Amino acid sequence: MRVLLIFCLFLPLFSACQNTSIQVVPQPLRVVEGEGVFQLLSSSRIYYPESRPDWQLAARAFADVAQSGAGFSLPVTPYQSSVVVNDEQSIYFLPDTTIASEEGYVLEVRQRSVAIRARSAAGAFYAVQTLRQLFPPELNSLQPQRRDNWTATCCTITDAPRFGYRGLHLDVGRHFFPVSYIKRYIDLLAFHKANTFHWHLTDDQGWRIEIKKHPKLTKIASCRTETIVGHNSDQPTRFDGKRYCGYYTQEEVKEVVEYARQRFVTVVPEIEMPGHALAALSAYPELGCTGGPYQAATRWGVFEDVFCAGNEQTFRFVDEVLSEVCALFPGPYIHIGGDECPKTRWKTCPKCQARMQAEGLKDEHELQSYFIRRAETMLARHGKKLIGWDEILEGGLAPSATVMSWRGTEGGIAAARAHHDVIMTPTSHCYFDYYQSNDAETEPLAIGGYLPLEKVYAYEPLPDVLQPDEQKYILGVQANVWTEYIRTPDYLEYMLWPRMCAMSEVQWSAKSRRDWPGFSRRLEAHLARLDALQVNYAKSIYDVKGSFSAGALQLNTSAAGADIRYTTDGGEPEPQSMPYFAPIVLNSSATVKAAAFREGKKLSKTFVVQYQAHKANGKLYVLSGQPDKFKGTSEFALTDGVTGSLKNWKNWVGLVNRDFDPLIDLGRQESFEKVTTHFLVNTGSWIYPPRRIEVQVSADGKQFTTVAVQNIDTSNLAGNRIEEMVVQTPGAKGRYVRVIASTFGVIPAGMPGENNGAWLFLDEIIIE
Ligand code: ACM
Ligand code: ZN
C-alpha cells in the first residue's frame, strides 16, 4: 500500500490512482465514492415535489434519458409535503434551502435509492446531467440499448457552478440551421451545464427572424443570390451560383425559447446594428446612407454599407424590430451586436454629419455610441438589458450595457473597471470556428487560427490585473461558433466537440478542480457518451504533433498515457511499430509516420512528415529582423528539413515588407551546387513573391562573396500557390551562407490590402 501511494504521488497520471468509475464532465466540486452500486430498473420511479411544478422538468429530464437510452418508461410521480427516501430503486427530488448555490446540488447515489437535493429546479436539472454520466455511456443513446443491468457507482457529489453566465453562441446568419437542429444544440449545451444560448440571428449574408411589421426582412433579406466557394481569401474568387435562404417564423422562435426554458437555458437573441446590416439594407435600402441598391453579401467579411445613423427612419425601424424581439424572448438580455462597423459611409453622409452636429458628437465613434444608447433606451422600455460586442466601448459606453469581450480581454477589463457587467469570449480561447488541429491539410476548411483543446481548457476568465471587487463584474464565459465555413450540422459538431467539453469546465468547474491530465482522461469516458448521442466530435485530442529541433524530430500527443508508435519507411504505424521515447535523429531523407495508441488500439489519425536531408539541416541561422507573427514551428524553421504547404502555414516563416536574409552557419567549410527555397503566393492574404534571390558565402562570417543572383518574374500574382526557386551555385564553398530574398514591397492599387507592405513567406533553405 505504501509503495502504491508513493507511486501515485510521483505519477499522478497513472490510471490506477484515478477514480476510474466516476468520470464526469464538467468536473464537479466534490466527489466521494461509496460502496456498491445503484441499479436502475424498469420498475424504478421518479418522485418530485408537487408544490414545485418546475421540478417536474428536472424529473422528466431523467425520465427522458432512461426512456431514450434504456427503453424504460419510468413514472414521474408528484409527492405532497414530504417523501420517504428509502426503497424501490427509485429517484427522489428534494428541495433543500440549505444549499447555498442557486444552481448547485447534492447528488447521493445509494444502493437502493438516488436522492437529488437542490435549492432550485435548475440545480436539480444539473444533478440529472451528472447522474446520467454515472451509468454506462449507452444510457445516453438516442435509441434504447439492450443491457443486462444499468448500474451507477454509489457516491455523494456536491456541486455548484463557478460562473452564473455559461454561454454558447451560434451564427445562423452565414449558414442557417433548422429548428430541429437548434433543439439538439440546446440539448447538448444543457448536458454540459451551460445555461445561455446566444442566437446570432442577423448578419450581412442573411436576416433569419420573422418581423411582422417589416415583412421584406423575410421575403428579401433572408436570401442571398449565391455563396463564395472555398476560403474568402482564395484568388480568384468563385461562387456557387445557388440561391441560399432561411429564416425562423415567430412561432418557431417561440418553440425554441420554450424548448430552451425546459432545459434551464436562456436564449439571448442578437440583432446586429449598426454594422453587419447588408441583408436588412437589401430589403429596406432607405435605411442606408447612400440609399442603395444593396444586396445581401455573398462572401465573408466586413462591409462598408451600414445603417444610417442620421436618418430617424432607421431608429423607427430598430425600435419596431426590437419591440417584436423583446416580446418573443423572455430573458433579461437582448444583444445588439455593435461590432465591426466601418465609419466610411457616415463620414460622407449629410444626414449622419448633421446628426453629429446637432448632438455635439465629436467623431463617428461617438455617433456609434449615440446609436447604441438609443437602442439601450428602446430596450429599457421593454424591461430588457443591452449586450454588445466590445466595440461598444468606443465613443463611450451606454450607461447600463453588458460588454462581450471578443477582440481580447482588454475590452472586458476596461468595462469591469468601469463597473459594467462583462462576458468573456476572447478569440484566443473561445472561437470554435478556428482550426483545432495544426494538421490543417486533413481538417475541414476553417476561417484560420489555431485553438486546440488544451488551449480552451487553459483559459482563465478572471484577469489577474483586476481587483476582486472588479472581477465580480465578469459574469461568465461564452464560446462562439461563426459559420462562414460551417455549412452543416455534422461540420458544426466537429468544430464544437470536444472543445465545448473543455469550455464547460472553464464555465462550471472550480478553478482548483481543473487539471488537464485529469480532464484528458475523463474526456475519454465522456466521448463514449458523445458516441451514444451520435455527436460528430473531432478526435484532435489524440493528434500526434511533431517539430524538429537541432536536427531531431520530437513527437507528442495530448492524450494522457497514450503511446506513440512510428515508422520511417513510409509504412502505416501499427501497435508493434517502433515506440517513441526520445527525439528521432534522421540521417537521410525520410517519411516519418506516427500515431497514438492505447492498449493496441489506434487513437489518432496518422501524423505524416516528409523530412528532406540537406547540408543545412539542423543548422542555426540568424535573421537581421525577427519574423512577424509567422515564425515556423521552431528556431530551426528554415533548416528543419520540412517544407510548407498551402493550407497549413505552420512551417512558413513570414516577414512584412522586409528582406529575408538568413545567415546560416554550416559549422565547417562546405561545397554546394545549388540552393533551393519555396515561396507562397496568396495575394488575397497579402502574401507576395520576392523580387530577387541572392546567395552569398563566407569563410569567416565577415567577408561575403556573392555567388549567384536570380531575378524573379513577379508578373503572375494569381492563385494560391507555392513556387520553387532553384539557384545554381556551381563550385560555391563556404562555412557561412547568406540567402537574401528581397521583398515585393508595397501591395499594388486594386489588390486586397493595397498600399500596405506585402508579406514574404519562405519555408526552408535547402543547400545541396
Ligand atoms: C465578432 O466576432 N465579430 C464579434
Ligand atoms: Zn448616414
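Enumerate the calculated ³J(HN,Hα) couplings along the stretch 423-432 in order (Karplus 6.51 cos²θ - 1.76 cosθ + 1.60, θ = phi - 60°), each rounded to whole Hz, writing x wherever the residue is Gly or Pro.
Using θ = phi - 60°, the values come out as 10, 8, 8, x, 3, 4, 10, 10, 9, 7 Hz.
Quick one: which residues, 5+ away or cross-chain, put their amide H under 5 Å from the amide H of CYS349? H built at 1.01 Å from N.
none
For the chain, how big is Rg over Rh, using alpha carbon atoms and the Kirkwood form of Rh? Mind showing how you got there, number by number?
Values: Rg = 29.5 Å, Rh = 29.2 Å.
A ratio of 1.01.
Please name which of HIS175, PRO144, VAL84 has its Cα lying farthest along the dipole of the stretch 65-194 towards the positive end, using unit charges on Cβ (Lys, Arg +1; Asp, Glu -1) and the Cα centre as origin.
HIS175
Treat every Asp and Glu Cβ in the stretch 415-568 as -1 and every Lys and Arg Cβ as +1, leave all other atoms uncharged, and give the resulting dipole magnitude about the Cα centre to the nearest 20 debye. If you can, show how the numbers build up before the last one.
Values: 14 positive and 19 negative charges, 69 e Å.
Value, rounded to 20: 320 debye.
Could you size up the charge dipole of the stretch 670-740 around its Cα centre, putting +1 on the beta carbon of Lys and Arg and -1 on that of Asp and Glu, and report it in debye to the nearest 20?
Details: 8 positive and 7 negative charges, 36 e Å.
It comes to approximately 180 debye.
Given contacts defined as C-alpha pairs under 8 Å and at least six residues apart, what's the relative contact order of the chain, whole-number percent? It would help to have the intermediate numbers written out before the result.
Details: 1837 pairs, mean separation 72.5, N = 768.
RCO, the chain: 9 percent.
Kirkwood-based Rg over Rh for the stretch 612-752 (C-alpha set), two decimals?
0.96
Which whole number in µm²/s is D for the stretch 626-681 by Stokes-Einstein, with the Kirkwood Rh taken over Cα pairs at 37 °C and 0.692 mPa s?
Values: Rh = 12.9 Å.
Roughly 255 µm²/s, to the nearest whole number.
Output ³J(HN,Hα) for the stretch 556-561: one whole-Hz value per residue in order, computed from phi by the Karplus curve 6.51 cos²θ - 1.76 cosθ + 1.60 with θ = phi - 60°, and x for Gly and Pro.
Computed from phi, the couplings for the stretch 556-561 are 8, 9, 7, 6, 4, x Hz.
Under a point spin-label approximation (7 Å from Cα along Cα-to-Cβ), what is the ASP515-SER51 distance to one decimal in nm?
4.3 nm
What is the stretch 135-265's relative contact order, in percent, from Cα pairs under 8 angstrom and six or more apart in sequence?
Details: 156 pairs, mean separation 29.5, N = 131.
Reported relative contact order: 23 percent.
So what is the diffusion coefficient of the stretch 93-180 in µm² per second by Stokes-Einstein at 20 °C and 1.002 mPa s, using a Kirkwood Rh over Cα pairs?
On the way: Rh = 15.3 Å.
For the chosen part, D equals 140 µm²/s.
Taking the Cα centre of the chain as origin, sum charge times position over the Cβ atoms of Lys and Arg (+1) and Asp and Glu (-1), and report the length of that vector in debye to the nearest 20. Intermediate results must be reported in sequence, preceding the final value.
Numbers: 79 positive and 86 negative charges, 136 e Å.
It comes to approximately 660 debye.
Cα centroid distance between the stretch 271-332 and the stretch 162-240, in Å?
16 Å
Below 20 Å, Cα to Cα, which aspartates and glutamates can LYS351 reach? Residues fewer than 8 away in the same chain don't count.
In chain and number order, the partners are GLU286, GLU304, ASP305, GLU312, ASP319, GLU359, ASP363, GLU364, GLU366.
Taking H as built 1.01 Å from N, whose amide H comes closer than 5 Å to the amide H of LYS602, not counting residues under 5 places away?
none
Can you order the peptides 204-210, 114-120 by their average number of other Cβ atoms within 10 Å per residue, highest first? Please list the in-between numbers first.
Working: 204-210: 26.6, 114-120: 23.6.
Packing order, densest peptide first, comes out as 204-210, 114-120.
Can you sort CYS245, CYS430 by how many other beta carbons sit within 10 Å, fewest first?
CYS245, CYS430
Which whole-Hz couplings ³J(HN,Hα) result when phi for each residue of the stretch 588-604 is put into the Karplus expression 6.51 cos²θ - 1.76 cosθ + 1.60, θ = phi - 60°, listed in order with x for Gly and Pro?
8, 4, 7, 9, 9, 10, 9, 8, 8, 10, 9, 6, x, 9, 6, 9, 10
Per residue of the chain, what 222 nm ellipticity follows from adding -39500 (n - 2.57) for every DSSP H run with n ≥ 4, rounded to the nearest 500? Intermediate values should be presented prior to the final figure.
Values: 18 runs with 177 residues, N = 768.
Rounded to the nearest 500, the figure is -6500 deg cm²/dmol.
Which of rounded, prolate or oblate describes the stretch 526-631 when judged by the alpha-carbon gyration tensor and an a/c cut-off of 1.5? Mind dumping the intermediate values first?
On the way: a/c = 2.86, a/b = 1.62, b/c = 1.77.
Taking the square roots of the gyration eigenvalues as a ≥ b ≥ c, the stretch 526-631 is oblate.
Would you list which lysines come within 19 Å of LYS619, measuring only between C-alpha atoms, while excluding same-chain residues fewer than 8 positions from it?
Cα-Cα hits under 19 Å: LYS631, LYS674, LYS702, LYS733.
Which pairs, out of LYS193/LYS605; LYS212/LYS242; LYS455/LYS511, put more than 19 Å between their alpha-carbon atoms?
Details: LYS193/LYS605 30 Å; LYS212/LYS242 27 Å; LYS455/LYS511 15 Å.
Result: LYS193/LYS605; LYS212/LYS242 exceed 19 Å.
Highest first, please rank the peptides 373-384, 557-568, 188-199 by the mean number of other Cβ atoms sitting within 10 Å of their residues.
Working: 373-384: 17.1, 557-568: 20.2, 188-199: 23.8.
Descending mean neighbour count gives 188-199, 557-568, 373-384.
Quick one: what do you get for the stretch 427-478 if you divide its Cα Rg by 2.2 N^0.38 Å?
For the stretch 427-478, the normalised Cα radius of gyration is 1.46.
Calculate log10 I(q)/I(0) of the stretch 669-768 for q = 0.16, 0.21, 0.24 Å⁻¹, where I(q) comes from the Debye formula with a single equal point scatterer on each Cα and nothing for solvent.
-0.69, -0.98, -1.17
Residues with beta-carbon under 10 Å from that of HIS365, excluding HIS365: net charge, scoring Lys, Arg +1 and Asp, Glu -1? Provide the component values of the computation, followed by the final result.
Details: positive: LYS343, LYS362; negative: ASP363, GLU364, GLU366, GLU391, GLU394.
That sum, taken over residues with Cβ under 10 Å, equals -3.
Taking just the alpha-carbon atoms of the stretch 33-138, what radius of gyration and Dmax come out, in angstrom?
12.6, 36
Bear in mind that the values in this text are calculations on the coordinates, not laboratory data. Here the structure is a predicted model, which is why all the values come from computation and not from measurement. Cβ sites come from the backbone with ideal geometry, for glycine too, and all protein chains shown count toward neighbours.
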